[in-house]
Amino acid sequence: WRANFEREPYYLAGYGFADYAPAYRLGYDVLQRHPGRRFEDIEASLEGDYLATRGDSRLAWKDARFATHAAWRRLRDALPGDATRQ
């Protein structure tokens, strides 16, 4: 992520990797906590998780959610088997 985050379609100019890292971490964590669930089914609860764990990130949830979803999707697609594919 660190090498490519600025090329992502959701990237906002002026923000650094430290701003995006908590959102990426949440995407990985949430897939492990809720395997087999669709992102859309758990998204409503993620804002609170993000706000509690974002540290010094300047991203608001409305912007960070795209990075969280991207990380969730990347991990989901990398895992073997159909159980994680929704």
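Looking only at residues in the stretch 19-55 that are part of a helix (DSSP H, G or I), more than 15 Å from L75 (Cα to Cα) and charged (D, E, K, R), which one is least open to solvent (accessible area, probe 1.4 Å)?
Per the stated criteria, the residue is D19.
Take the residues of the stretch 1-18 that are hydrophobic (A, V, I, L, M, F, W, C) and not in a helix (DSSP H, G or I): which is surrounded by the fewest Cβ atoms within 10 Å (Cβ to Cβ)?
A13
The values are calculated or read from the model by the stated rules, or taken from the named source; none is laboratory data. These numbers were taken from a predicted model, which means no experiment stands behind them. For neighbour counting, all protein chains shown are included, and Cβ atoms are generated from backbone atoms with ideal geometry for every residue, glycine included. All accessible areas refer to the heavy atoms of the entire protein, side chains included, with ligands and DNA or RNA removed. Shrake-Rupley method; radii C 1.70, N 1.55, O 1.52, S 1.80 Å.
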